[in-house]
Structure formats: C-alpha cells, structure tokens
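The block underneath contains the structure these notes are about, expressed in structure tokens.
Values in this text are rule-based calculations from the coordinates and carry no lab data. Just so it is clear, the model here is predicted, and its values are computed rather than measured. Cβ placement follows ideal geometry from the backbone for every residue including glycine, while neighbour counts extend to all protein chains displayed.
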Amino acid sequence: MKHWTETDFEQGLYGLKDRDAHLDECPECRGELERLTQERRRVAAQPEVSREFLEAQRRNIYRRLEEPRRNWVAWRWVISAAMLLALALGLTLQRSRPTAPAISDDQLFSDLSRMEQSAEPKAIQPLHSLFEE
Ligand SMILES: [Zn+2]
C-alpha cells in the first residue's frame, strides 16, 4: 500500500483526482486530505468585512479626494527642505574630502620627466606579455 504523494493531494484538492481505495483504507492520508480541504476552504473564504468598516473607508476616501491640495503643499516644503539638505551635505562632503597625498616637488618633477622620456604610455605595458615569445 502506497501513501498519497504531495501531487496526489494537490490533484485531489482541486478535483483532478478521484478518491481512491487507498483513502478508504488509510486514516493517515484521509486525515491529511481532510486537513488540506479545510485549510483551502479557510483561505478561499471571503474575509468578514463589516458594513461600518466599508462605510468608514468610503468616507475616508472622499475626504482625502476633497483635500489633495493641502497635502501637496505640505509635501512641497518637505521635498524642498530635503533637496536643500542634500545640496548642503554634498557641498560639505566635497569640501572635506581628503586631498591626494602630498608629494614633494622633486618627486613630481622626476616622475614627470620619466613619463616624458618613455615614449610609450604606461597602459600599453601589460600588452607586451601578449606578444613576447
Ligand atoms: Zn496513506
């Protein structure tokens, strides 16, 4: 005797599989199918919504439809303030960003003269390994 598989239960739940002899013999599978059936009924049931709740919801919607401008005015100030803050932060962060490490003039000039003497850009150098034999 083979128990129902998960697929069997799914198909049985949606009416794609008839109850077979195994269900009559096996209380385990019968109980599981019963449990799943009740669970499905519970989930599919319409939620209980009272008439008062729906009326209050509708009143709220109408109330908010009537005063959209007031909210927008408030939001306009919030957005302006946020943009000003972002701008101020951006300026502050840019100013306080650490500068490149200082190098001495001698170092700078020797680097510059070396760059000038080498005829080929530094970025080309890794490509040499591709062509060496
Ligand atoms: Zn079974």
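Side notes on the structure shown:
- Region 51-91: translational diffusion in µm²/s, Stokes-Einstein, Kirkwood Rh over Cα pairs, 10 °C, 1.306 mPa s: 127
- Charge dipole (Cα centre; +1 on Lys/Arg Cβ, -1 on Asp/Glu Cβ; no other charges) of region 51-91 amounts to roughly 120 debye.
- Taking each DSSP H run with n ≥ 4 as -39500 (n - 2.57) and averaging over every residue of the chain yields -23000 deg cm²/dmol at 222 nm.
- You can think of it this way: the chain between SER110 and ALA88 has 3.9 nm of extra reach, that is 0.36 nm per residue less the Cα-Cα gap.
- With semi-axes defined as the square roots of five times the eigenvalues of the C-alpha gyration tensor, the equivalent ellipsoid of region 1-78 measures 53, 15, 9 Å, largest first.
- Taking amide H atoms as placed 1.01 Å from N in the peptide plane, the amide H of LYS17 lies under 5 Å from those of GLY12, each 5 or more residues away in sequence or on another chain.
- ALA102-SER129 pseudo-label distance in nm [points 7 Å out on the Cα-to-Cβ vector]: 3.7
- Cα lying deepest toward the dipole's positive end in the chain, options ILE61, ALA21, THR7, charges on Cβ: ILE61
- Relative compactness, the chain, computed as alpha-carbon Rg over 2.2 N^0.38 Å: 2.67
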